[in-house]
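Below is one structure; the comments refer to it alone.
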There are 2 protein chains.
Amino acid sequence: MVPATGLRDTLLDHAIVMLEAGEAEPGIRALARAAGVSAMAPYRHFADKAALLAAVAERGFALFLDALSAADAEGSDAERLVAQGVAYVDFACAHPALFRAMFARGAAAPKQPDAPAFAILTRRVAALVGADDPTAALGCWAIVHGMATLALDGGVTLMPEQVRAVLRTYVAGIVAVMRDCPTPGPSPEGEG
Amino acid sequence: MVPATGLRDTLLDHAIVMLEAGEAEPGIRALARAAGVSAMAPYRHFADKAALLAAVAERGFALFLDALSAADAEGSDAERLVAQGVAYVDFACAHPALFRAMFARGAAAPKQPDAPAFAILTRRVAALVGADDPTAALGCWAIVHGMATLALDGGVTLMPEQVRAVLRTYVAGIVAVMRDCPTPGPSPEGEG
DNA sequence: CTGCGTATGTGTACGGTGTAAACAGCGGAG
DNA sequence: CTCCGCTGTTTACACCGTACACATACGCAG
């Protein structure tokens, strides 16, 4: 069914499949059962359940980065930023369990702001405002992450236009704030 | 109201204490042990673990509402909104496990936008923009909830000034957008 | 070939969990 | 008094993560 070279990949494949099917947390034994091996076999490849879930999260972040990169492909900086935000929320809604696993508080996964999946957003914000602005980047990240989380665990139903509108409002706020107190940086160019 | 001032409340008390102590999920048996009763006793007061956690979440939301109300006490609309946002994030950081339990995807708790704990924010946004604006309210909610979530489960460390700055930027964006299109028809109302 | 170490998977076992089923004390209604 | 509903107990089952000991299969030294 799954062209996997070893048990390790087979387990991760099944974990992804289970998560996409709505399973909350695959679990070592269920995974081993799905892979057709004994309950203890996974421990030859993962120290414990947390390590397995961390590996799953790593795969999720790879897919996530792909989605964000695709959205960041073309347009002005502002357009790309908004598109990234929509892709962020879309990814969470399309893969809710995987997204939750990625951001579970156990997974010591790349969740820091300088991780690849977020650096792409931070970079776009920096391009937009003309300088590195951790606060602006945090704001954008928080907005999209907040909407994603609320859509997943809250009772909120989101539409792409809403996501876009919220993000555009924040971008407008960045521009307005920049106009008030311009940052000492390279020549400020129109956001396009 | 609630006909039991006995074991039910005791269990909830211990659940809160355990959550505040950093426990991830109290668990029926652990709770019963802490209360000094048998493992099955809690089932006389809660249908199952999810119901118990939902009751815990309800308590959490009461505390949460208190915190937000206190922050909303005085100042201009914009100031109150920002203060509410800071209080939102502060609450999450001060009671991480409780906050997570409140927003866990099992708890059918008041997480809808019209729940008391969020209505206070929505109302303040409405007062700020001069009309009901679900999108603006969603944006504010998403921003603070995103920062809270990232602070809890991501590796993000937040400072109150940062929270304030992000929120103020969004408010500036709302104002800027309002200036552009002063009378936006009731935006494509997301279903509540 | 034998012997051996390493990597991988198996079997068994322990303590934890949520929870279903049957039972026991106890206060109020007839 | 008996009967009943509420509350808590005991017992039991299935599932979980995982520690331990064992089996199997490999490449390699002699």
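The values are calculated or read from the model by the stated rules, or taken from the named source; none is laboratory data. Quick caveat, the model's predicted, so the values are computed rather than measured. With ideal geometry, Cβ positions are generated from the backbone for all residues, glycine too; neighbour counts draw on all protein chains shown. Heavy atoms of the whole protein, side chains included, go into the accessibility calculation; ligands, DNA and RNA do not. Shrake-Rupley method; radii C 1.70, N 1.55, O 1.52, S 1.80 Å.
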Quiz item: For the protein assembly as shown, what's the radius of gyration and Dmax over Cα atoms, in angstrom?
Solution: 22.2, 71
Quiz item: When all protein chains stay in place, what accessible area (Å², nearest 10, 1.4 Å probe) is found for B:C93?
Solution: 70 Å²
Self-check item: Sum of -39500 (n - 2.57) over DSSP H runs of 4+, divided by residues of chain B (222 nm, nearest 500)
Solution: -21500 deg cm²/dmol
Quiz item: For the pairing of chain B with chain A, what total accessible surface becomes buried, with a 1.4 angstrom probe, in square angstrom to the nearest 100?
Solution: 3100 Å²
Practice problem: Roll a 1.4 Å probe over the protein heavy atoms and report the accessible area of A:L12 in Å², nearest 10. | Solution: 10 Å²
Exercise. Could you tell me the largest-minus-smallest coordinate of the C-alpha atoms of the stretch A:1-109 on each of the three principal axes, in descending order and whole angstroms?
Key: 53, 30, 22
Quiz item: What accessible surface, in Å², does a 1.4 Å probe find on B:H45, ignoring ligands, DNA and RNA and rounding to the nearest 10?
Solution: 70 Å²
Quiz item: Dipole size in debye (nearest 20) for the stretch B:1-46 around its Cα centre, Lys and Arg Cβ +1, Asp and Glu Cβ -1?
Solution: 260 debye
Quiz item: Per residue, how much accessible area does chain A show when a 1.4 Å probe rolls over the protein heavy atoms, in square angstrom?
Solution: 46 Å²
Exercise. Could you work out which residue, out of B:V129, B:V82, B:V144, moves most in a Gaussian network model of chain B, that is, has the largest mean-square fluctuation with Cα springs under 10 Å?
Key: B:V129
Quiz prompt | Choice from B:M159, B:M18, B:M178 with maximal GNM fluctuation in chain B (Cα, 10 Å cutoff) | solution = B:M178
Quiz prompt | the protein assembly as shown, accessible surface, carbon-and-sulfur percent (1.4 angstrom probe) | solution = 56 percent
Quiz prompt | Relative contact order for chain B, counting Cα pairs under 8 Å that sit 6 or more residues apart, in percent | solution = 20 percent
Self-check item: Stokes-Einstein diffusion coefficient of the stretch B:1-46, Kirkwood radius over Cα pairs, 37 °C, 0.692 mPa s, in µm²/s
Solution: 308 µm²/s
Self-check item: Candidates B:V89, B:V37, B:V171: whichever shows maximal mean-square fluctuation once chain B is modelled as a Gaussian network with Cα springs under 10 Å
Solution: B:V37
Exercise. Just tell me how shielded A:152-162 is by partners: mean number of partner chain Cβ atoms within 10 Å of each residue's Cβ, no decimals.
Key: 6
Self-check item: Separation in nanometres of the label points that stand 7 Å from Cα toward Cβ, at A:A62 and A:A24
Solution: 2.9 nm
Quiz prompt | Extreme residue, positive dipole direction of chain B, given options B:P134, B:P96, B:A172 (C-beta unit charges) | solution = B:P96
Quiz item: At B:A62, label 7 Å along Cα→Cβ: distances to the other copies, nm, ascending?
Solution: 4.9
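How many percent of Cα pairs in chain A exceed 28 Å?
35 percent
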Self-check item: Dipole magnitude (debye, nearest 20) for the stretch B:61-180, charges at Cβ of Lys, Arg, Asp, Glu
Solution: 240 debye
